[in-house]
1. Can you work out which of the residues in region 34-50 that are part of a helix (DSSP H, G or I) and hydrophobic (A, V, I, L, M, F, W, C) is farthest from the ligand (Cβ to nearest atom)?
2. Any idea how many residues of region 51-75 are in a helix (DSSP H, G or I) and within 6 Å of the ligand (Cβ to nearest atom)?
3. Consider residue 181 carefully, then state whether it is of a type outside the set (Ser, Thr, Tyr), within 14 Å of the ligand (Cβ to nearest atom) and assigned to a helix (DSSP H, G or I).
4. So, of the residues in region 77-91 that are open to solvent by less than 40 Å² (accessible area, probe 1.4 Å) and touching a Phe, Trp or Tyr at 6+ places or on another chain (Cβ under 9 Å), which turns out to be modelled with the lowest pLDDT?
5. Which residues, taken from region 92-124, are open to solvent by less than 50 Å² (accessible area, probe 1.4 Å) and within 20 Å of residue 47 (Cα to Cα)?
6. Can you find a residue that is free of Cβ contacts under 8 Å to residues at least 40 places away in the same chain and under 20 Å from residue 172 (Cα atoms) anywhere in region 83-96?
Amino acid sequence: MSTDTMTRPVNLILLGPPGAGKGTQARMLEDRFGLVQLSTGDLLRDAVAKGTEAGKAAKAVMEAGDLVSDEIVIAILSDRLDQPDITKGTILDGFPRTEAQAAALDTLLADRGQKIDAAISLEVEDEAMVARVAGRYTCAACGEGYHDDFKQPAKAGICDACGSTEFKRRADDNAETVRTRLAAYHDQTAPLIAYYEARGALTRVPAMGAIDRISDDLGRIVAGLTAR
Ligand code: AMP
């Protein structure tokens, strides 16, 4: 896929409950616009796998489906923002999740001469999210996403994208934990929709339909941001 021309860094937030498609859409926007997906969930899973101090503190909290402390998550994100691969901008996937994180993000970006350009709320129905999340898995080599019911590889056991035969499932992608994660979303993260709406930065995108249609909608929004 070609990389569209961008003139200045663009920082975009994807908001939505677990299963809304934030990760899938972020990967597509990465390919198309050369933005970097910053998933605090991925960064935390990495820290857990490496056994760092932050990872040790986060592991049980994540397995229960609760939110990791703002302090740990903000520190992890701040380190990531300093990596040299971020030139064209970022797609924040799973951050911010609290108002304290949203305020910290403004400061982190301002320190780097940047700001949030848009927050996109992926609008979905909660009831469908449990089935979506509980059946999902990814290629262990390239991260391509699959689902037990909705999207199996064309050849059983072989990744369509890279040919790997290794797949993985997240420890927290089970029906019980998803319900806790949905509750955490509504209690602590959904208020950010109003927060960004009040700043005139929010766009709502219906996200129950086909992945490609949603991706087209998001692509138009990102292309419009760079043209301003
Ligand atoms: P995710 O991959 O975004 O679904 O995140 C998986 C888990 O990581 C969440 O259920 C939380 O336990 C933790 N987590 C990820 N991002 C954050 C965040 N911004 N603030 C607090 N906890 C987070």
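The values are calculated or read from the model by the stated rules, or taken from the named source; none is laboratory data. Computed from a predicted structure; not experimentally measured. Backbone-built Cβ (ideal geometry, glycine too); neighbour counts: all protein chains shown. Just the protein is used for accessible areas: all its heavy atoms, side chains included, with ligands, DNA and RNA removed. Shrake-Rupley method; radii C 1.70, N 1.55, O 1.52, S 1.80 Å.
1. Residues of region 34-50 that are part of a helix (DSSP H, G or I), as a first pass: 40-50.
If we keep only those that are hydrophobic (A, V, I, L, M, F, W, C) too, we end up with 43-44, 47-49.
Details: 43: 8, 44: 5, 47: 10, 48: 9, 49: 13 Å.
So, considering only residues that are part of a helix (DSSP H, G or I) and hydrophobic (A, V, I, L, M, F, W, C), the one farthest from the ligand (Cβ to nearest atom) is 49.
2. Taking region 51-75 first, the residues in a helix (DSSP H, G or I) are 53-64, 70-75.
When the remaining residues are screened for being within 6 Å of the ligand (Cβ to nearest atom), the result is 61-62, 73.
So the answer is 3.
3. Working: of a type outside the set (Ser, Thr, Tyr): yes; within 14 Å of the ligand (Cβ to nearest atom): yes; assigned to a helix (DSSP H, G or I): yes.
Yes.
4. Within region 77-91, the subset open to solvent by less than 40 Å² (accessible area, probe 1.4 Å) is 77-78, 81, 86, 89-91.
Among the residues that remain, those that are also touching a Phe, Trp or Tyr at 6+ places or on another chain (Cβ under 9 Å) are: 77, 89, 91.
Values: 77: 96, 89: 93, 91: 97.
Ranking the qualifying residues of region 77-91, first place goes to 89.
5. Selection gives 92, 93, 94, 95, 96, 101.
6. Scanning region 83-96, I find no residue that is free of Cβ contacts under 8 Å to residues at least 40 places away in the same chain and under 20 Å from residue 172 (Cα atoms), so the answer is no.
Residues are listed down the side, and each one gets a yes or a no for (1) open to solvent by 20 Å² or more (accessible area, probe 1.4 Å); (2) among the polar types (S, T, N, Q); (3) touching a residue at least 12 places away in the same chain (Cβ under 8 Å):
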{"site": "15", "(1), (2), (3)": "no, no, yes"}
{"site": "23", "(1), (2), (3)": "yes, no, yes"}
{"site": "47", "(1), (2), (3)": "no, no, yes"}
{"site": "53", "(1), (2), (3)": "yes, no, no"}
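Conditions tested, residue by residue: (1) at pLDDT 95 or above; (2) open to solvent by 40 Å² or more (accessible area, probe 1.4 Å); (3) in contact with a Lys or Arg (Cβ under 6 Å, 6 or more places away or on another chain).
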{"residue": "3", "(1), (2), (3)": "no, yes, no"}
{"residue": "7", "(1), (2), (3)": "no, yes, no"}
{"residue": "10", "(1), (2), (3)": "no, no, no"}
{"residue": "30", "(1), (2), (3)": "no, yes, no"}
{"residue": "60", "(1), (2), (3)": "yes, yes, no"}
